[in-house]
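Asks: To start, I am sharing the structure in question, which I have written as structure tokens.
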Amino acid sequence: MIRRALQNTGWLMGARGINAVLSLGYLALATRSLGLQGFGNFILMVTFAQAITGFASFQTWQAVVRWGQQGDKADDAIGFALALDLLTVVGGAIIGAVLLFTPGDWLPLPTDLRTEAFAYMLVSLLAIRSTPTGILRLHDRYARAATADSVTSIVRIIGAGIAAIVAPTIESFLLAWGAAELATAGVYWIFALGTQRLDIRRISLTRLPRSEPGAWAFVWGTGLSGVLLISSRQILILLVGAIGGPALAGIYRVAAQLGEGLLKLAQALLRATYPELVRDPEAARHIAARIGRIALFTGVAAIVLSALAGHWLIDTIAGHEYLAAYVPMILLSAAAAVELAGATLEALLVSRGHALRNFMLRAVPTGLALASLPWTVNRLGAAGAAAAVLVASLLTVTGLIIANREKRPG
């Protein structure tokens with residue numbers, strides 16, 4: 001089972017590796033084409049859409065995997081997940097419209113760019129792919145998921161190249177990013193529907209919870225944890241922009257793009273090991289411990305690499321004006337390494353049915369980190385925000401270690 005979990009992780013990381021290399025290309029095209037201020041505004045628009053999508057969405061793939069293992073409930077689980085995704089689209093659109101078009105300058109984004117920001121947010125919501133992701137993981141179709149994931153970066157690099165040559169504007173880059181989201185979602189659904197039939201009559205928010213009383217508690221727990229893991233990064237960038245301006249948000253985003261690569265590996269580990277832990281609870285601790293040790297060594301190596309090659313990497317990719325991202329990049333590499341070491345612990349806790357406890361272990365440190373930003377950013381700039389992320393990751397993983405040592409029935 002460890003071999004299968006690592007093989008699944010390998011498929012996911014194959015796509016992550018392609019995405020990581022291509023992301024350096026489209027990052028270079030965007031930073032150099034738009035300039036520091038323009039790139040900052042672009043990042044605020046993209047980040048706002050990601051934050052709304054993250055806040056409004058549920059981690060429905062986990063529900064598909066959890067109840068899809070029971071053959072007679074697979075269709076109900078998929079229908080429940082898809083109903084939740086549809087709810088996300090409607091709720092996210094309403095929340096985003098209110099936040100974007102309510103008078104006030106909480107988001108340092110020019111008024112003439114807010115309509116484009118709203119349009120991109122709608123595209124991001126429509127491109128939610130949690131349910132087809134769950135279908136592919138339920139059937140161990142990790143190679144197909146890896147192929148679908150790679151579409152995002154392929155379309156982005158092509159679109160960014162065209163934008164840089166033909167029309168190097170914020171709107172052109174937004175169009176490229178939006179096309180990438182829709183293309184990836186389309187490929188995911190093609191693969192998912194080729195793997196398992198979708199019965200539209202089972203799309204319901206009530207059918208699965210009637211037979212599984214704990215369904216709502218589970219999806220709230222996994223959904224809220226996903227909000228913290230995904231959206232807290234986006235909210236942090238928005239707050240950095242609100243406190244320090246678009247240029248500082250751009251610098252932080254470059255640092256995050258280069259420094260948080262391990263966070264993607266942590267998410268891949270969570271997604272790849274979770275089905276194995278659900279299938280064999282007796283071997284769960286052994287699997288988590290073995291993979292956790294591998295993750296720890298990988299994280300330490302990445303921190304050393306960031307410290308040694310960081311200046312050269314930033315200057316080569318983004319340009320000299322982004323060198324202020326060096327220290328934040330190292331801090332975010334350390335935070336990502338900590339998250340990587342704790343990824344299997346999180347999967348273990350959720351597989352035992354403690355999704356809400358997992359949420360609380362993330363909620364408190366994340367809340368403290370966000371609350372500290374006005375002080376840390378004003379005094380230390382982007383490095384202060386990165387330090388807050390590192391402390392939050394340390395507190396979260398410490399909590400996961402303690403929670404998994406407790407002798408409680410799953």
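The values are calculated or read from the model by the stated rules, or taken from the named source; none is laboratory data. Everything numeric in this text was worked out from a predicted model, so none of it was measured. Every residue, glycine among them, receives a Cβ derived from its backbone with ideal geometry; neighbour counts consider all protein chains shown.
Asks: Being outside any helix (DSSP H, G or I), of a type in the set (D, E, K, R) and touching a Phe, Trp or Tyr at 6+ places or on another chain (Cβ under 9 Å) is the filter here; which residues of the range 175-230 pass it?
Replies: Hit for the range 175-230 is Glu212, nothing else.
Asks: Continuing with this model, one more query. Against the definition (more than 24 Å from Leu99 (Cβ to Cβ), touching a residue at least 40 places away in the same chain (Cβ under 8 Å) and over 17 Å from the mean Cα position of the chain (by Cα)), how does Thr206 come out, yes or no? Full working, then the answer.
Replies: Values: more than 24 Å from Leu99 (Cβ to Cβ): yes; touching a residue at least 40 places away in the same chain (Cβ under 8 Å): no; over 17 Å from the mean Cα position of the chain (by Cα): yes.
When the stated conditions are applied, Thr206 does not pass them.
Asks: With the condition being of a type in the set (Gly, Ala, Ser), modelled with pLDDT under 80 and crowded, with 16+ Cβ neighbours inside 10 Å, I'd like the helices (runs of 4 or more DSSP H) fully within the range 1-110 carrying at least 1 qualifying residues.
Replies: Because the criterion is at least 1 residues that are of a type in the set (Gly, Ala, Ser), modelled with pLDDT under 80 and crowded, with 16+ Cβ neighbours inside 10 Å, the helices (runs of 4 or more DSSP H) in the range 1-110 that meet it are 2-56.
Asks: To continue, here is another question. Please determine whether any residue of the range 156-175 is among the aliphatic types (A, V, I, L, M) and over 18 Å from Ala30 (Cα atoms).
Replies: Looking through the range 156-175, none of the residues is among the aliphatic types (A, V, I, L, M) and over 18 Å from Ala30 (Cα atoms).
Asks: Okay, next question. Regarding Val300, is this residue within 18 Å of Ala256 (Cβ to Cβ), in contact with a helix residue (DSSP H, G or I) (Cβ under 8 Å, 6 or more places away or on another chain) and not charged (D, E, K, R)?
Replies: Values: within 18 Å of Ala256 (Cβ to Cβ): no; in contact with a helix residue (DSSP H, G or I) (Cβ under 8 Å, 6 or more places away or on another chain): yes; not charged (D, E, K, R): yes.
So Val300 fails the test.
Asks: Which residues, counting only those in the range 111-122, are at pLDDT 90 or above and over 18 Å from Ala83 (Cα atoms)?
Replies: Leu113, Arg114, Thr115, Glu116, Ala117, Phe118, Ala119, Tyr120, Met121
Asks: Scan the range 63-80 and tell me whether some residue there is of a type in the set (Phe, Trp, Tyr) and under 30 Å from Ile162 (Cα atoms).
Replies: Checked the range 63-80: no residue is of a type in the set (Phe, Trp, Tyr) and under 30 Å from Ile162 (Cα atoms).
Asks: So which pairs qualify, if the first residue must be in the range 52-65 and in contact (Cβ under 8 Å) with a residue 40 or more places away in the chain and under 22 Å from Phe118 (Cβ atoms), the second must be surrounded by fewer than 24 Cβ atoms within 10 Å (Cβ to Cβ) and of a type in the set (D, E, K, R), the Cβ gap must be under 8 Å, and the two must be at least 6 apart or on different chains?
Replies: Ser57/Asp85
Asks: Just name the residue that is surrounded by the fewest Cβ atoms within 10 Å (Cβ to Cβ) out of those in the range 123-143 that are among the small types (Gly, Ala, Ser) and in a helix (DSSP H, G or I).
Replies: Once the filter is applied, the top-ranked residue is Ala143.
Asks: Here is a further query. Filter the range 184-217 down to residues that are within 26 Å of Thr147 (Cβ to Cβ) and not hydrophobic (A, V, I, L, M, F, W, C) and give me whichever is surrounded by the most Cβ atoms within 10 Å (Cβ to Cβ).
Replies: So, considering only residues that are within 26 Å of Thr147 (Cβ to Cβ) and not hydrophobic (A, V, I, L, M, F, W, C), the one surrounded by the most Cβ atoms within 10 Å (Cβ to Cβ) is Tyr188.
Asks: Do you know which residues across the range 356-410 are among the polar types (S, T, N, Q), more than 28 Å from Ala217 (Cα to Cα) and in contact (Cβ under 8 Å) with a residue 60 or more places away in the chain?
Replies: Answer for the range 356-410, where residues must be among the polar types (S, T, N, Q), more than 28 Å from Ala217 (Cα to Cα) and in contact (Cβ under 8 Å) with a residue 60 or more places away in the chain: just Asn378.
Asks: So, of the residues in the range 139-158 that are under 22 Å from Thr53 (Cα atoms) and touching a Phe, Trp or Tyr at 6+ places or on another chain (Cβ under 8 Å), which turns out to be modelled with the highest pLDDT?
Replies: Ranking the candidates gives Arg156 first.
Asks: Here are Ala266, Ala288: which of them is closer than 30 Å to Arg379 by Cβ, crowded, with 23+ Cβ neighbours inside 10 Å and at pLDDT below 90?
Replies: Every option except Ala266 fails the conditions.
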